[in-house]
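Enquirer: Here's a structure for you.
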Amino acid sequence: MGSGAEKSDVLKRVEAVSGDITRLAVDAIVNAANESLLGGGGVDGAIHRAAGPELLAECRTLGGCPTGEARITRGYNLPARHVIHTVGPVYRGRPEDEKLLSSCYRNSLALAAEAGCRTVAFPAVSCGVYGYPLEEACKVAVSEVLEFLETNPLPEKVLFVLFSEDALAVYQDRLKRLSAGQGS
Ligand code: ADP
């Protein structure tokens, strides 16, 4: 079996959907947090509101999280069992941005696999107030996830959850191109 067949198997384990990540009954949702892990706006605020105050109480015990790393907590009142908090870079157009965003995806997936998560949902980390251009972030997100799945049985399935139809179209287009063998 060639690497082409393996790639298409891995592509079957990823999907882009639109919606509110706080509503998903998956094993883990990923939070685009900030280094304090004490809550913020955007998806972070929505996750804390839906999870309830116990999430913040657990986050307080973690002592923050450096950019590019990830931490796992329980999901409390969320339908998701776990929350994986990762801190994306503030976009400045430097090579480090891509390295840090890549490591957010890798570290989040490693925590998910370690916790036995079969299904994991990612928002577009860094693409809100942190200003990362969506198309560039999408390339990083998709390639890191596919690379991880190639060598790991868990998670079985990864969802990219986009908050707008425009963002969904960017991810779907990327996945379609890769399925058709046009990676660039
Ligand atoms: P960051 O600070 O990492 O940029 P934001 O929360 O500002 O994080 O935005 C990250 C992405 O999450 C944005 O694309 C935003 O539209 C999206 N988003 C905001 N709320 C939700 C939600 N409830 N579910 C899924 N995605 C969301």
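Enquirer: Go through the stretch 41-58 and give me each residue that's within 7 Å of the ligand (Cβ to nearest atom), open to solvent by 20 Å² or more (accessible area, probe 1.4 Å) and touching a strand residue (DSSP E or B) at 6+ places or on another chain (Cβ under 8 Å).
Expert: If the condition is that a residue be within 7 Å of the ligand (Cβ to nearest atom), open to solvent by 20 Å² or more (accessible area, probe 1.4 Å) and touching a strand residue (DSSP E or B) at 6+ places or on another chain (Cβ under 8 Å), then Gly42, Val43 are the ones that fit.
Enquirer: Another question about this same structure. Of the conditions (1) open to solvent by less than 40 Å² (accessible area, probe 1.4 Å); (2) touching a residue at least 12 places away in the same chain (Cβ under 8 Å), Asp20 clears all except one; give me its number.
Expert: Result: Asp20 passes all but (1).
Enquirer: Report yes if some residue within the stretch 79-87 is more than 16 Å from the ligand (Cβ to nearest atom), without any contact (Cβ under 8 Å) to a residue 24 or more places away in the chain and out of contact with any His (no Cβ under 7 Å at 6 or more places or on another chain); otherwise report no.
Expert: The answer is no, given that none of the residues of the stretch 79-87 is more than 16 Å from the ligand (Cβ to nearest atom), without any contact (Cβ under 8 Å) to a residue 24 or more places away in the chain and out of contact with any His (no Cβ under 7 Å at 6 or more places or on another chain).
Enquirer: Among the listed residues Glu147, Glu135, identify the single one that is open to solvent by 20 Å² or more (accessible area, probe 1.4 Å), of a type outside the set (Lys, Arg) and away from the ligand (no atom under 16 Å from the Cβ).
Expert: Result: Glu147 is the single residue among Glu147, Glu135 that is open to solvent by 20 Å² or more (accessible area, probe 1.4 Å), of a type outside the set (Lys, Arg) and away from the ligand (no atom under 16 Å from the Cβ).
Enquirer: Please verify whether the stretch 164-178 includes one or more residues that are within 16 Å of the ligand (Cβ to nearest atom), crowded, with 16+ Cβ neighbours inside 10 Å and part of a strand (DSSP E or B).
Expert: Scanning the stretch 164-178 turns up no residue that is within 16 Å of the ligand (Cβ to nearest atom), crowded, with 16+ Cβ neighbours inside 10 Å and part of a strand (DSSP E or B).
Enquirer: Anything in the stretch 73-83 that is within 12 Å of Leu62 (Cβ to Cβ) and surrounded by 24 or more Cβ atoms within 10 Å (Cβ to Cβ)? List them, or say none.
Expert: The one that is within 12 Å of Leu62 (Cβ to Cβ) and surrounded by 24 or more Cβ atoms within 10 Å (Cβ to Cβ): Val83.
Enquirer: Sticking with this structure for a sec: Do we have Ile29 as modelled with pLDDT of 95 or more, near the ligand (Cβ under 9 Å from one of its atoms), surrounded by 13 or more Cβ atoms within 10 Å (Cβ to Cβ) and not in a helix (DSSP H, G or I) here?
Expert: yes
Enquirer: Is there a residue being within 25 Å of Ala50 (Cα to Cα), more than 10 Å from the ligand (Cβ to nearest atom) and of a type in the set (Lys, Arg) anywhere in the stretch 96-109?
Expert: No: the stretch 96-109 contains no residue that is within 25 Å of Ala50 (Cα to Cα), more than 10 Å from the ligand (Cβ to nearest atom) and of a type in the set (Lys, Arg).
The values are calculated or read from the model by the stated rules, or taken from the named source; none is laboratory data. Keep in mind the model is a prediction, meaning the values are calculated, not measured. We place every Cβ from the backbone using ideal geometry, glycine too, and count neighbours over all the protein chains shown. What goes into the accessible areas is simple: the full protein's heavy atoms, side chains included, and nothing from ligands, DNA or RNA. Shrake-Rupley method; radii C 1.70, N 1.55, O 1.52, S 1.80 Å.
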